[in-house]
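Step one of this worksheet: look at the structure below.
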Amino acid sequence: MKRTLSLFLTVALMLTLAACGSKSGQDSTSSSPAPEGNTPTSTAPEIPPANQPEDTTPTEEQTPEGTDDSEKKVLIAYFSATNNTENIANHLNEILDADLYEIVPETPYTADDLNYNDSSSRSSQEMNDPDSRPVISGSVENMEQYDVIFLGYPIWWGEAPRIINTFLESYDLSGKTIAPFCTSASSPLGSSATKLQDLTGSAAWLEGQRFSGGASVSDVQSWVDSLNLKV
């Protein structure tokens, strides 16, 4: 009797295990197929190439720091018979750190030449002759490189000395900017500059300034500032 019961239980257990195994196999092979046309793809984000800049849109080339392409090349040219105009030119050079050129006559002026009370003196004769052109010793090298010319002279009989005419007629100054300045005991700049303009082609003339021979650096600086030049 016990043997028959044991055999019965063994058969029942085997049948139960067989049924469970059949169900498990069916579940493992019944997954639904993917919908047509929807093949699974990787969802991992794209990784940009190493060292690629965030923004590759071309930009305008930047001007190096500390440079200014609007800066102009400046020349200070002056004629000084008694050193008064030279004093102002030196002030300008201190302010602008520009190139300095003295207009030197081939034949220097003596004290007698500058005797304005003598109608036969050299300066008197030159100023009475509009066509007089005193000869200059030397010349400006590479005048074409300059954009701005500060032009200084003393006032003789209300005008610029004739040697200034010689200087202006010696170069092609078209397209340049000219800033005239003069020295005198009391005479103003007057029309001394406007009478020179026809000698310089298309050069642009700025408003000039008259100084006393003893003018200070600050006096000259104020005039330079008023010109609003990027130099």
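Listing for the model above:
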| item | result |
| --- | --- |
| Prolate/oblate/rounded label for region 159-231 (Cα gyration tensor, a/c 1.5) | oblate |
| Viscosity 1.002 mPa s, temperature 20 °C, Stokes-Einstein D of region 122-206 from Kirkwood C-alpha radius, µm²/s | 159 µm²/s |
| Extension reserve of the Ser186-Ser119 stretch, reckoned as 0.36 nm per residue once the Cα distance is removed | 22.0 nm |
| Difference of contour (0.36 nm per residue) and Cα-Cα distance, Gln145 to Asp219 | 23.8 nm |
| Two-site label geometry, Thr194 and Glu94: point separation in nm, points 7 Å out along Cα→Cβ | 3.3 nm |
| Region 93-153 - convex hull of the alpha-carbon atoms, volume per residue in Å³ | 127 Å³ |
| Cut-off 12 Å between beta-carbons: net charge of the residues surrounding Ser120, Lys and Arg +1, Asp and Glu -1 | -3 |
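FYI, it's all coordinate maths here, none of it is from the lab. Treat the numbers as computed from the prediction; the structure is a model and nothing was measured. Backbone-built Cβ (ideal geometry, glycine too); neighbour counts: all protein chains shown.
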